[in-house]
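Student: Can you keep this structure in mind? I'll have questions shortly.
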Amino acid sequence: MPGEPQTYDLVVAANRLPVDKVVSDSGEVSWQRSPGGLVTAMESVMRNRAGAWVGWAGDSGPAPEPFDEDGLHLHPVGLSAEEVRDFYEGFSNDTLWPSYHAVIVPASFPRDWWTAYREVNARFAGAVARLAEPGARVWIQDYQLQLAPALVRRLRPDLRIGWFNHIPFPPVELFAQLPWRSQILEGLLGADFLGFQRQADAQNFVRACRQLLRAQTKGDTVAVGDGSPRRVRASAIPISVDFDGLEELARRPDVVARSRELRESVGNPKVLLLGVDRLDYTKGIRHRLKAYEELLVEGRVGPPDVTFVQIATPSRERVEAYQNLRSEIEQTVGRINGDHGQIGAPPIHYLHHAYPREEMAAFFQAADVMIVSPLRDGMNLVAKEYVTCRYDLGGALVLSEFTGAWHELHQAFACNPNDIEDLKQAIMRAITTPAKERQRIMRALRRRVSEHDVQRWAQRFLAALDAAPERPVAGS
Ligand code: GDG
């Protein structure tokens, strides 16, 4: 007879586990760290706490048995092939993702996708309810699991339920387009505390509750239920990076040596420009290429003195908008290299791979200018990772105003990526600003990130969860 199932005082639920299942040709199963901002942030938080992590293992079929990996207690949730299509690729990535990112591409609203979204959220809620010890804290992550807070509360009213949104929360005019807008708000209002990247996101949520549900709101709280209503607080707690851990990695002699090697392998340019993104239409990769191409045409930059490395990590490859974007980017890169390249000195080195963390840290150190130009981004951890790796105070960060990161990193070379002239000027300013001034800027950026690292983010979130709804949270 199996014993009582183990329960935990902290249960995290995220669409993905921090590892992906990899099956070798001989059928052997192993686990590999999965990419993406949420995993990067949560993994360093969970390693120091004995909590459980509920998530999908990244392939279709029945859930594997729970397992421990590198000190993490992982509880897989299974998705069928249809659910991968309808819940993950469909509702999460083709309905919610574009809707929440200012509809950079049109959002689709098939009704079957919503059914799958509800069912998968219920499955996650069931797993959380089984794993949480009495009175435990539950931390639900992101836009894929917006119904889970209310579903968990129904099953386990004793739990403290928090939810954090890694992406923007749209203005009510956009959010109202969703056919299931009320159900989503009601799902979220099952939480005790809702965390957002920016204050504007939290305010958008509160406004949506007021306008679409006719809920009573006061400051950053929403009243739920009649009589003596429960109050749900919505507030900004911006995410960050593991500053100490990443800086330590960046300082490793093998990483430093690798960064030199990388510069050499692209011909030791005077200026190495770098972009690192999941291949996603929110990240402004096309705008960046356009700006760079115009600078090449105008003769203001060019190989061999200036070269550009763009790492575009494969992402959501079965969603059509992503396939179209990839074709467009690759055609543009081909054209630019064809028009402006010389033998052994292409103006763009384009890489469509995922790399180990060490390699990413080496790339960051090798880059003179990091271009982060999203059209919309909840935070953008790449910007924070770049400054974290520049303990030498070298390098310069070009940063879009439409990232959460810009609200903390004002000293960066700011740009509006929709304004190609502005983006070009920001790149040129980053290249030509005297080294001393660039160092001063980098020092200020690094101070901000080191004082607001991911450990502090997690502490603040959990403190806000404990304090919700009555008491405000100390600190900022
Ligand atoms: C969402 C929100 C928010 C990328 N390629 C490789 C690799 N990465 C890592 C980066 C970074 C992460 O993935 C990407 O994080 P971002 O924040 O830039 O973007 P999203 O994936 O869109 O993340 C975002 C984030 O959640 C957290 O809340 O900031 O706004 O959209 O850590 O370094 N890592 C490795 N190899 C790669 O090839 N090892």
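Student: Taking the range 149-166 as the region of interest, how many residues are outside any helix (DSSP H, G or I) and open to solvent by 10 Å² or more (accessible area, probe 1.4 Å)?
Tutor: Going through the range 149-166 one residue at a time, the tally reaches 5.
Student: Report, by residue number, each residue of the range 150-176 that is away from the ligand (no atom under 16 Å from the Cβ) and more than 21 Å from Pro106 (Cα to Cα).
Tutor: Across the range 150-176, the qualifying residues are Ala150, Leu151, Val152, Arg153, Arg154, Leu155, Arg156, Pro157, Asp158, Leu159, Arg160, Ile161.
Student: Also, quick follow-up: Can you name every residue in the range 281-328 that is among the β-branched types (Val, Ile, Thr), free of Cβ contacts under 8 Å to residues at least 60 places away in the same chain and surrounded by fewer than 19 Cβ atoms within 10 Å (Cβ to Cβ)?
Tutor: Val297
Student: Next up: Would you pick out the residues in the range 255-280 that are open to solvent by 20 Å² or more (accessible area, probe 1.4 Å) and within 16 Å of the ligand (Cβ to nearest atom)?
Tutor: Across the range 255-280, the qualifying residues are Arg258, Arg278.
Student: Could you list all residues from the range 125-147 that are within 27 Å of Tyr281 (Cβ to Cβ) and either in a helix (DSSP H, G or I) or away from the ligand (no atom under 16 Å from the Cβ) (or both)?
Tutor: Across the range 125-147, the qualifying residues are Tyr143, Gln144, Leu145, Leu147.
Student: Can you tell me which residues in the range 395-422 are more than 25 Å from Asp201 (Cα to Cα) and either open to solvent by less than 20 Å² (accessible area, probe 1.4 Å) or touching a His at 6+ places or on another chain (Cβ under 8 Å) (or both)?
Tutor: Within the range 395-422, Gly395, Ala396, Ile420 meet the criteria.
Student: Moving on to the next point. For residues in the range 267-315 being touching a strand residue (DSSP E or B) at 6+ places or on another chain (Cβ under 8 Å) and charged (D, E, K, R), which is farthest from Val382 (Cα to Cα)?
Tutor: Among them, the one singled out is Asp305.
Student: I've got another one for you. Of the conditions (1) modelled with pLDDT of 90 or more; (2) buried (at least 20 other Cβ atoms within 10 Å of the Cβ), Pro62 satisfies every one except a single condition; which number is it?
Tutor: Pro62 satisfies every listed condition except (2).
Student: Restricting attention to the range 32-46, does a residue exist that is more than 24 Å from Ala129 (Cα to Cα), without any contact (Cβ under 8 Å) to a residue 24 or more places away in the chain and open to solvent by 20 Å² or more (accessible area, probe 1.4 Å)?
Tutor: yes
Student: Going residue by residue through the range 100-121, is there one that turns out to be assigned to a helix (DSSP H, G or I), among the polar types (S, T, N, Q) and away from the ligand (no atom under 16 Å from the Cβ)?
Tutor: Checked the range 100-121: at least one residue is assigned to a helix (DSSP H, G or I), among the polar types (S, T, N, Q) and away from the ligand (no atom under 16 Å from the Cβ).
Student: Do we find a residue being modelled with pLDDT of 95 or more, part of a loop (DSSP other than H, G, I, E, B), within 16 Å of the ligand (Cβ to nearest atom) and buried (at least 19 other Cβ atoms within 10 Å of the Cβ) anywhere in the range 177-198?
Tutor: The answer is yes; a qualifying residue exists.
Student: In addition: Give me a count of the residues in the range 340-358 that are touching a residue at least 60 places away in the same chain (Cβ under 8 Å), open to solvent by 40 Å² or more (accessible area, probe 1.4 Å) and among the aliphatic types (A, V, I, L, M).
Tutor: Result for the range 340-358: 1.
Student: What pairs come out if I take residues in the range 224-239 that are under 22 Å from Arg198 (Cβ atoms) and more than 16 Å from the ligand (Cβ to nearest atom) and pair them with residues that are of a type in the set (Phe, Trp, Tyr) and not in a strand (DSSP E or B) whose C-beta lies under 9 Å away, six or more apart or interchain?
Tutor: Ala234/Phe169; Ala234/Phe205
Student: Something else about it: Of everything in the range 314-358 that's within 16 Å of the ligand (Cβ to nearest atom), out of contact with any helix residue (DSSP H, G or I) (no Cβ under 7 Å at 6 or more places or on another chain) and assigned to a helix (DSSP H, G or I), which residue is modelled with the lowest pLDDT?
Tutor: Tyr322
Student: How many of the residues making up the range 135-148 are open to solvent by 10 Å² or more (accessible area, probe 1.4 Å) and over 23 Å from Trp113 (Cβ atoms)?
Tutor: 2
Student: Just the residues that are open to solvent by 20 Å² or more (accessible area, probe 1.4 Å), part of a loop (DSSP other than H, G, I, E, B) and closer than 20 Å to Val449 by Cβ, please, taken from the range 359-385.
Tutor: Matches in the range 359-385: Asp368 only.
Student: Among (1) open to solvent by 10 Å² or more (accessible area, probe 1.4 Å); (2) assigned to a loop (DSSP other than H, G, I, E, B); (3) over 24 Å from Ala52 (Cβ atoms); (4) not hydroxyl-bearing (Ser, Thr, Tyr), where does Arg207 come up short?
Tutor: Arg207 satisfies all of (1) open to solvent by 10 Å² or more (accessible area, probe 1.4 Å); (2) assigned to a loop (DSSP other than H, G, I, E, B); (3) over 24 Å from Ala52 (Cβ atoms); (4) not hydroxyl-bearing (Ser, Thr, Tyr) except (2).
Student: I would also like to ask the following. For residues in the range 1-29 being at pLDDT 90 or above and touching an Asp or Glu at 6+ places or on another chain (Cβ under 8 Å), which is surrounded by the most Cβ atoms within 10 Å (Cβ to Cβ)?
Tutor: Ala14
Student: Give the range 375-386 a look and list any residue that's more than 8 Å from the ligand (Cβ to nearest atom) and in contact with a strand residue (DSSP E or B) (Cβ under 7 Å, 6 or more places away or on another chain), or say none.
Tutor: Tyr386
The values are calculated or read from the model by the stated rules, or taken from the named source; none is laboratory data. Note that the coordinates shown come from a computational prediction; the quantities given were computed from them, not determined experimentally. Every residue, glycine among them, receives a Cβ derived from its backbone with ideal geometry; neighbour counts consider all protein chains shown. To get the accessible areas, we keep the full protein, side chains included, count just its heavy atoms, and leave off ligands, DNA and RNA. Shrake-Rupley method; radii C 1.70, N 1.55, O 1.52, S 1.80 Å.
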